[in-house]
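The values are calculated or read from the model by the stated rules, or taken from the named source; none is laboratory data. These numbers come from a predicted model, not from an experiment. Every residue, glycine as well, gets a Cβ built from its backbone with ideal geometry; the counts of neighbours run over all protein chains shown. Ligands, DNA and RNA are stripped out before the accessible areas are found, and what is left, the full protein with its side chains, is counted by its heavy atoms. Shrake-Rupley method; radii C 1.70, N 1.55, O 1.52, S 1.80 Å.
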Amino acid sequence: MTIHRRRLAALTLCGLGLGLGSLAVTPALAVNTRTFSLDTAAELSAGVLDRVSVSADGSVVLGVETERLSAPDAVGSVWALLDLGDEGVLAGTGVDGRIYRVRGRDVTLYAETGEVVVTSLARGADGAVYAGTLPEGKVFRVLPPRGATPQAPTLVAALPGAEHVWALAWDPTRRALLCATGPEGKLFAVDPAASGSNATVLFDAEQPHLYAMALRPDGEIVLGSGGGAAVLYGVRGAGQARVLARLTGDEVKGVAVAGDALVAISNAIPTPPDPPRRTVAQSRQPTPGGPTVARPRPGHGYLWRVHAGGFAERIAEDARAHYTALAWDATRREALVGSSANGHVLAVGEDRGQRVAFDVDERSVTAFGRAGASLIFGTSDSGALYRALAARPTAATWHSKVLDATLPSRWGAVRWRGAGALDWESRSGNHDEPDATWTAWEALDADGVIRSPGGRYVQVRARFSRDPATVIRSVTVYYLPENQRAVLTEVTAGRPEVKGDAPQPRTIRVAWKVDNPDNDALRYRLRFRGDADQTWRGLLQNQEWLTTSHFEWSTEAMPEGWYRVEVEASDEAANPDELVARDRRVSDPVLVDTTPPAVTLRVASGRIRGEATDGASAVVAMELSVDGGEWRPLRASDGVFDERVEAIDVALPTSLASGDHNAALRARDEAGNVGVGSVRVRR
């Protein structure tokens, strides 16, 4: 989102539909109007897309009608979908290991495995349905219900060393069920008709998981690995494996055959979640909801086209979310990709053109399937099933994301660029998520101005109800923040630090901090006052316009003493006189002392006696040097250096040789000024 500023006066307020008279009776408002500009695919798809689609060039158009299908039980997530070939689809779910049948609008319980999750489904040559599960690495043959009562599934294989059966596929050439597993990264071929040990290892990957599988028409098995490296393998039999491509990321989450090529999704995930496990509290009987699955941190998703020669071409990516599901639409020649965030389904064509095809309420789209010509997809958090219909939507709505003005604001007009006709509405509030405290949706006025009350947040939506050919290319929302006073939080005044014996500067450095919530341009005024004065006097000369947060005050002409400095912050540069906001803050006392202590020194009876006197501050240190030697600290005669007049009385050093010598006394006051006196010493 880009934010632009321009002078409200230049707009003559017409862009906001406001009159000059209305400003006089409203709270103080800054004169700079601002805009939310939504003009990219990312911005236009960041809100809610209800039966509309957003293309890569940022065009919002009417999408596809979808229907949410309700399961008879609570479903944690949908992991797998299988076309039965009779307009019906089976859905493998978690975290209670149930399988549901979807036909038309009806969703009915088909089977219960007794496991935690049904991760994968496949259909054999004889029509038998097989289900892969976790966390015990079992494969079942699933029988259709008798009437409305599910039949107990038959255990086909408990795969040795496997805990997760991630993917299943029926291999007609081998007449075997292929099982891609973890955490040992093995591909098994299972003969369902065999008794006893019926599982053969065809391939053992270096990676711990084989997440994805597809079969080429020539019989080659394509596998996607994970758990440290995203590698695509091709397997033709035991001992006949090759690397097809190494992809960016930690895992290959999906792969599909797309003509002579492959499409695949890989992810770079910082900390992937552990798979669901059966807890101690969970019995063998499924319980509603089951154990929860920790949400993974968002990763980085990549979509690839892998050509027959092995070249992997990246055709899409998302740096804010990882990809969770993949399907190839051979009719439209495009890949469908499920996202881990926002409930989006991305459609990417062979020309790399992409669009947000679907947007659902749930967080992640995790599985694709088909019921005849209809696309079916499932979600997680929570589990739901959706069916895409052939009919054009009769009602579709584009929602902006929640727009944050960061300050209480007055809303202006909504302007959009595109073609067709839309019905616009808005709502507003002061919570970052729309809730019961927000206003209801309300139509814009005839001039396209938002009627919703002012606040910090606003959201707009457009209804595609009049012209199916309507397209949105950009949306601009105008708003005017209330003027916020800049608050001075700290004012300091003191002499700049000097190193060593450098002369003390004749300046005071004044510095301040300010909290400027609306970032208005600020002007600062400085004044000073002595401890005994009642009147503040200006520090700046000739109407100096000060905008920096510090000032060097020359004190050479100032009488010595204690002073305070007042700083005033004003936003007059950004507001007319009647709306200007000011704040003042005063520093702690600061000493102006430009004169060094006067030092006197004398020698009598083998002792050096000296005195230092300062007119403005206490003498805080005295040091002695003999014959230009090092300066040695002395103790005050009264024990503590804390007065404007201090004395010292020390014996001559016993190490002095006979003859003439020179003794020097150095005194320092609170302001750092240094005075020096000397005397000739004869021993």
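Against the conditions (1) in contact with a strand residue (DSSP E or B) (Cβ under 9 Å, 6 or more places away or on another chain); (2) over 12 Å from ALA612 (Cα atoms); (3) among the hydrophobic types (A, V, I, L, M, F, W, C), where does VAL674 fall short? Just the number, please.
The single condition VAL674 does not satisfy is (2).
Within region 378-387, does at least one residue satisfy the condition of being open to solvent by less than 10 Å² (accessible area, probe 1.4 Å) and of a type in the set (Val, Ile, Thr)?
yes
Sort out which residues of region 402-426 are in contact with an Asp or Glu (Cβ under 9 Å, 6 or more places away or on another chain) and hydrophobic (A, V, I, L, M, F, W, C), and write them in order of number. Give the derivation first.
Restricting attention to region 402-426, the residues satisfying the condition of being in contact with an Asp or Glu (Cβ under 9 Å, 6 or more places away or on another chain) are 402, 404, 406-410, 413, 417, 419-422, 425-426.
Once the filter is applied, which keeps residues that are in contact with an Asp or Glu (Cβ under 9 Å, 6 or more places away or on another chain) and hydrophobic (A, V, I, L, M, F, W, C), region 402-426 yields VAL402, LEU407, ALA413, ALA419, ALA421, LEU422.
If the Cβ limit is 7 Å and pairs must be 6+ apart or interchain, which residue in region 600-618 that is over 10 Å from ASP649 (Cα atoms) pairs with which residue that is β-branched (Val, Ile, Thr) and modelled with pLDDT under 90?
GLY615/THR595; ALA616/THR595
Applying the selection to region 637-683, what residues are open to solvent by 70 Å² or more (accessible area, probe 1.4 Å), of a type in the set (Asp, Glu) and either assigned to a strand (DSSP E or B) or without any contact (Cβ under 8 Å) to a residue 24 or more places away in the chain (or both)?
Across region 637-683, the qualifying residues are ASP638, ASP660.
Take LEU187 and tell me if it is among the hydrophobic types (A, V, I, L, M, F, W, C) and free of Cβ contacts under 8 Å to residues at least 40 places away in the same chain.
Values: among the hydrophobic types (A, V, I, L, M, F, W, C): yes; free of Cβ contacts under 8 Å to residues at least 40 places away in the same chain: no.
Judged against the criteria, LEU187 is not a match.
Only residues that are of a type outside the set (S, T, N, Q) and surrounded by fewer than 13 Cβ atoms within 10 Å (Cβ to Cβ): list them for region 314-338, please. Working first, answer last.
From region 314-338, those of a type outside the set (S, T, N, Q) are 314-323, 325-330, 332-338; that's our starting set.
Correct list: ALA319, ALA330, ARG332, ARG333.
If you take the residues of region 276-293 that are under 21 Å from GLY182 (Cα atoms) and open to solvent by 30 Å² or more (accessible area, probe 1.4 Å), which of them is modelled with the lowest pLDDT?
So the first thing to find is which residues in region 276-293 are under 21 Å from GLY182 (Cα atoms), and the list is 276-279, 291-293.
Those still in the list that are open to solvent by 30 Å² or more (accessible area, probe 1.4 Å) too: 277-279, 292-293.
Numbers: ARG277: 64, ARG278: 59, THR279: 51, THR292: 35, VAL293: 43.
Within region 276-293, the match that is modelled with the lowest pLDDT is THR292.
Please go through region 501-528 and give me each residue that is touching a residue at least 40 places away in the same chain (Cβ under 8 Å), within 23 Å of PRO596 (Cα to Cα) and either open to solvent by 80 Å² or more (accessible area, probe 1.4 Å) or of a type outside the set (A, V, I, L, M, F, W, C) (or both), ordered by number.
ASP501, GLN504, ARG506, THR507, ARG509 - these are the residues of region 501-528 that are touching a residue at least 40 places away in the same chain (Cβ under 8 Å), within 23 Å of PRO596 (Cα to Cα) and either open to solvent by 80 Å² or more (accessible area, probe 1.4 Å) or of a type outside the set (A, V, I, L, M, F, W, C) (or both).
For region 599-623, which positions are more than 13 Å from ALA647 (Cβ to Cβ) and part of a strand (DSSP E or B)?
VAL603, ALA604, VAL620, ALA621, GLU623 - these are the residues of region 599-623 that are more than 13 Å from ALA647 (Cβ to Cβ) and part of a strand (DSSP E or B).
Just to check your reading of the model, which residue among VAL231, VAL257, VAL243 is open to solvent by less than 20 Å² (accessible area, probe 1.4 Å), part of a strand (DSSP E or B) and at pLDDT 95 or above? If you could, list the steps in order and put the result at the bottom.
On the way: VAL257 fails: open to solvent by less than 20 Å² (accessible area, probe 1.4 Å); VAL243 fails: open to solvent by less than 20 Å² (accessible area, probe 1.4 Å).
VAL231 is the lone residue from the list that is open to solvent by less than 20 Å² (accessible area, probe 1.4 Å), part of a strand (DSSP E or B) and at pLDDT 95 or above.
Between residues in region 422-441 that are closer than 17 Å to THR406 by Cβ and residues that are open to solvent by less than 80 Å² (accessible area, probe 1.4 Å) and polar (S, T, N, Q), which pairs lie under 6 Å by C-beta distance while being six or more apart or on different chains?
Note: pairs meeting the criteria are SER428/THR439; SER428/SER452.
Which residues, taken from region 574-625, are of a type in the set (D, E, K, R), under 53 Å from the mean Cα position of the chain (by Cα) and either under 30 Å from ARG683 (Cβ atoms) or open to solvent by less than 40 Å² (accessible area, probe 1.4 Å) (or both)? Before the answer, list the steps.
Quick first cut of region 574-625, residues of a type in the set (D, E, K, R) only: 577-578, 582-585, 588, 593, 602, 607, 609, 611, 614, 623.
Subsequent filtering for residues that are under 53 Å from the mean Cα position of the chain (by Cα) retains 577-578, 582-585, 588, 593.
Once the filter is applied, which keeps residues that are of a type in the set (D, E, K, R), under 53 Å from the mean Cα position of the chain (by Cα) and either under 30 Å from ARG683 (Cβ atoms) or open to solvent by less than 40 Å² (accessible area, probe 1.4 Å) (or both), region 574-625 yields ASP583, ASP593.
So is ASP531 open to solvent by 60 Å² or more (accessible area, probe 1.4 Å), touching a strand residue (DSSP E or B) at 6+ places or on another chain (Cβ under 8 Å) and closer than 16 Å to SER570 by Cβ or not? Explain how you work it out, then say what you get.
Values: open to solvent by 60 Å² or more (accessible area, probe 1.4 Å): yes; touching a strand residue (DSSP E or B) at 6+ places or on another chain (Cβ under 8 Å): yes; closer than 16 Å to SER570 by Cβ: no.
No, not satisfied.
Let me confirm something: among ASP171, ASP204, which residue is acidic (Asp, Glu), out of contact with any Pro (no Cβ under 6 Å at 6 or more places or on another chain) and open to solvent by 50 Å² or more (accessible area, probe 1.4 Å)? Give the derivation first.
Working: ASP171 fails: open to solvent by 50 Å² or more (accessible area, probe 1.4 Å).
Unique residue meeting the criteria: ASP204.
Quick check on this structure: which one of PRO505, PRO434, PRO468 is under 30 Å from TYR563 (Cβ atoms) and either out of contact with any strand residue (DSSP E or B) (no Cβ under 7 Å at 6 or more places or on another chain) or not in a strand (DSSP E or B) (or both)? Step through it out loud before you land on a result.
Details: PRO434 fails: under 30 Å from TYR563 (Cβ atoms); PRO468 fails: under 30 Å from TYR563 (Cβ atoms).
That would be PRO505, the only listed residue that is under 30 Å from TYR563 (Cβ atoms) and either out of contact with any strand residue (DSSP E or B) (no Cβ under 7 Å at 6 or more places or on another chain) or not in a strand (DSSP E or B) (or both).
Would you check if ARG473 is open to solvent by 80 Å² or more (accessible area, probe 1.4 Å) and basic (Lys, Arg)? Outline the logic, then answer.
Working: open to solvent by 80 Å² or more (accessible area, probe 1.4 Å): yes; basic (Lys, Arg): yes.
When the stated conditions are applied, ARG473 passes them.
State yes or no: is GLU362 of a type in the set (Asp, Glu), at pLDDT below 95 and touching a strand residue (DSSP E or B) at 6+ places or on another chain (Cβ under 6 Å)?
Details: of a type in the set (Asp, Glu): yes; at pLDDT below 95: yes; touching a strand residue (DSSP E or B) at 6+ places or on another chain (Cβ under 6 Å): yes.
Criteria met by GLU362.
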